[in-house]
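**Q** Below is the structure I would like to discuss, written out as structure tokens.
The values are calculated or read from the model by the stated rules, or taken from the named source; none is laboratory data. All values reported here derive from a predicted model rather than from experimental measurement. Here the Cβ is made from the backbone with ideal geometry for all residues, glycine too, and neighbour counts use every protein chain on show.
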Amino acid sequence: MALDASASLDLVALAPRLRGVIQARAETALERLRRWVELESPSDDKAALDFCGRAIAADFAAAHARLAIHPQAQAGDHLELTLAPGREKGPGLLLLGHFDTVYPLGTLAAMPFRAAGGRIEGPGVLDMKGGISVVYEAWVALRHFGLEPRRPVTLLLVSDEETGSATARPLIERLARDAAAVLVLEPGAGAEGRLKTARKGIAHFTVRAEGIAAHAGVDFEQGASALLELARQTVAWAGLTDLERGVTVNPGVLRGGTRSNVVAASAELELDVRAWRDQDLREVVARIQSSRPHDPRVKLAVSGGINRPPMEPTPAAAALFERACGIGRALGLALAAAATGGGSDGNFTAALGVPTLDGLGPAGGGAHSPGEYCTEDSLVSRAALLALLLLAL
């Protein structure tokens, strides 16, 4: 039975009915999720990404979403789906997701899609094709009741989130600037699926050193070791870690040299830097970028910088979280907040000052691992939560 979309809705009364409709569709939703997961879509395979993206877009188009494709030369094409024009003019709601995964083609052979005992396994099922399923089921449920959100609703699905969103970032930021709020369908934190209200900012660096090769026994002093230089720099940069402030500097990869009896002429280091506050992140980045070689005969080349700014808490974002908690109570959910050191596209939108709530996807665990899973119940409850949020905001 359709409801009057223009009427003042009692969300508490609507909540169990909405969840019931979503629960009744659980088997259909599971088969759709299976199809999406079995369309493998690693971030570095454009053909596979586009094939998967088109299939997802076709499903949304069948649910009356309007599609705009943003073609990419190297990455997969990004998908902009208008779910609702909104009953009123003004800033809309932006839903953010991605359909690329970290798993190479062929992973399904060793890690097949499985659903048993309320647990769903498969590559990308949690991060984040399950999140896309949450959006789809929320939208179909609203259409079942004839309900349209007050604000316009846009879903942006990008193809390179797992590799830093290099091509997607300008599009994300352009759409976010016109939004009243951004809802990110990344998985919730932990087995209970806590909503993510803060994320660390991330910087990546590749540092190359060029020294002078020499025979380690015959003319050692004529050499200038690039490997030794980076080893000394590594110790200094790692010393910038400040756990009390939540600043970490991780030298993840150090490679260089050719043979043990040759002074290394070249070496390369990969660094990961993370911090809760933008100021802290920028301070450490500046220190690394201004580094000078200990041995003046060695040349240092530092490339890289901030990839994702921190998602710092704001009063507006806190109000958005509290709104979600109130709706969660109507569904019998006790929602909690979490801060995480991982990044998402929500980092970009939060840095623009747009209220952003992350972790609205399903609960589960094992993301990016052979044990990745989400729970069937969380797919249902998160779809109901999202549907009510779209009506409430």
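**Q** Kindly provide the set of residues from the range 62-117 that are farther than 30 Å from residue 366 by Cβ, surrounded by fewer than 13 Cβ atoms within 10 Å (Cβ to Cβ) and hydrophobic (A, V, I, L, M, F, W, C), ordered by number.
**A** 62, 68, 73
**Q** Looking at the range 185-197, I want the residues that are farther than 9 Å from residue 339 by Cβ and assigned by TED's automatic domain parsing to the domain that holds residue 377 and have a partner that is of a type in the set (S, T, N, Q) and not in a loop (DSSP other than H, G, I, E, B) with Cβ atoms under 6 Å, at least 6 apart or on another chain. Which pairs are those?
**A** If the second residue must be of a type in the set (S, T, N, Q) and not in a loop (DSSP other than H, G, I, E, B), the pairs left are 193/378.
**Q** Would you pick out the residues in the range 32-45 that are among the aliphatic types (A, V, I, L, M) and assigned to a loop (DSSP other than H, G, I, E, B)?
**A** Our first condition is that a residue be among the aliphatic types (A, V, I, L, M); within the range 32-45, this holds for 33, 37, 39.
Residue satisfying the conditions is 39 alone.
**Q** Looking at the structure I just gave you, is residue 48 within 22 Å of residue 345 (Cα to Cα), in contact (Cβ under 8 Å) with a residue 40 or more places away in the chain and outside any loop (DSSP other than H, G, I, E, B)?
**A** yes
**Q** For the range 65-87, indicate whether the set of residues that are assigned to a helix (DSSP H, G or I) and within 15 Å of residue 136 (Cβ to Cβ) is non-empty.
**A** no
One line per residue, one yes/no per condition, for (1) at pLDDT 95 or above; (2) buried (at least 24 other Cβ atoms within 10 Å of the Cβ); (3) within 14 Å of the chain's Cα centre (by Cα):
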{"site": "124", "(1), (2), (3)": "yes, yes, yes"}
{"site": "128", "(1), (2), (3)": "yes, yes, yes"}
{"site": "133", "(1), (2), (3)": "yes, yes, no"}
{"site": "140", "(1), (2), (3)": "yes, no, no"}
{"site": "148", "(1), (2), (3)": "no, no, no"}
{"site": "152", "(1), (2), (3)": "yes, no, no"}
{"site": "158", "(1), (2), (3)": "yes, yes, yes"}
{"site": "162", "(1), (2), (3)": "yes, no, yes"}
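**Q** Go through the range 300-343 and give me each residue that's closer than 19 Å to residue 378 by Cβ and touching an Asp or Glu at 6+ places or on another chain (Cβ under 6 Å).
**A** If the condition is that a residue be closer than 19 Å to residue 378 by Cβ and touching an Asp or Glu at 6+ places or on another chain (Cβ under 6 Å), then no residue fits.
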